1. Which of the residues spanning region 37-66 are over 21 Å from residue 2 (Cα atoms) and out of contact with any strand residue (DSSP E or B) (no Cβ under 8 Å at 6 or more places or on another chain)?
2. Restricting attention to region 9-29, and to residues there that are among the hydrophobic types (A, V, I, L, M, F, W, C) and under 10 Å from the mean Cα position of the chain (by Cα), which single residue is surrounded by the most Cβ atoms within 10 Å (Cβ to Cβ)?
3. Among the residues of region 30-48, count how many are surrounded by 13 or more Cβ atoms within 10 Å (Cβ to Cβ), of a type in the set (Gly, Ala, Ser) and over 18 Å from residue 60 (Cα atoms).
4. With the structure loaded, tell me whether residue 34 is under 17 Å from residue 5 (Cα atoms) and part of a helix (DSSP H, G or I) or whether it fails that test.
5. Looking at region 22-43, I want the residues that are within 13 Å of residue 8 (Cβ to Cβ) and have a partner that is aromatic (Phe, Trp, Tyr) and surrounded by 15 or more Cβ atoms within 10 Å (Cβ to Cβ) with Cβ atoms under 6 Å, at least 6 apart or on another chain. Which pairs are those?
Amino acid sequence: MEKITYELGDIVRLKKKHPCGSFNWEILRVGMDFRLKCQGCGHLILIPRTKFEKMVKGKVENQPKN
């Protein structure tokens, strides 16, 4: 199985939705812990890498910002 690499600014889709209704999160920090920002309401969370890798469904194609 191929290991997926995550970088700052990537948008990922999680398996469970946030209470605001959004599935998409932006990665703000990568390392032993991941800092994620909800794309719906802006809520910030810090979770361990192992938990993040279980929760993530995949990367969302980044839209170019104008």
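Bear in mind these aren't lab numbers, they're just calculated from the coordinates by the rules spelled out. Because the structure is predicted, anything quoted here is derived from the model rather than measured. Glycine gets a Cβ as well: all are built from the backbone with ideal geometry, and neighbour counts include every protein chain shown.
1. Start the filter on region 37-66 by keeping residues that are over 21 Å from residue 2 (Cα atoms), which leaves 37-47, 63-66.
Answer for region 37-66, where residues must be over 21 Å from residue 2 (Cα atoms) and out of contact with any strand residue (DSSP E or B) (no Cβ under 8 Å at 6 or more places or on another chain): 41, 42, 63, 64, 65, 66.
2. Of all residues in region 9-29, those among the hydrophobic types (A, V, I, L, M, F, W, C) come to 11-12, 14, 20, 23, 25, 27-28.
The next check asks that each one be under 10 Å from the mean Cα position of the chain (by Cα); those that pass are 11-12, 14, 23, 25, 27-28.
On the way: 11: 16, 12: 21, 14: 18, 23: 16, 25: 26, 27: 19, 28: 14.
The residue in question is 25.
3. 0
4. On the way: under 17 Å from residue 5 (Cα atoms): yes; part of a helix (DSSP H, G or I): no.
Judged against the criteria, residue 34 is not a match.
5. 27/6; 30/6; 34/52; 36/25
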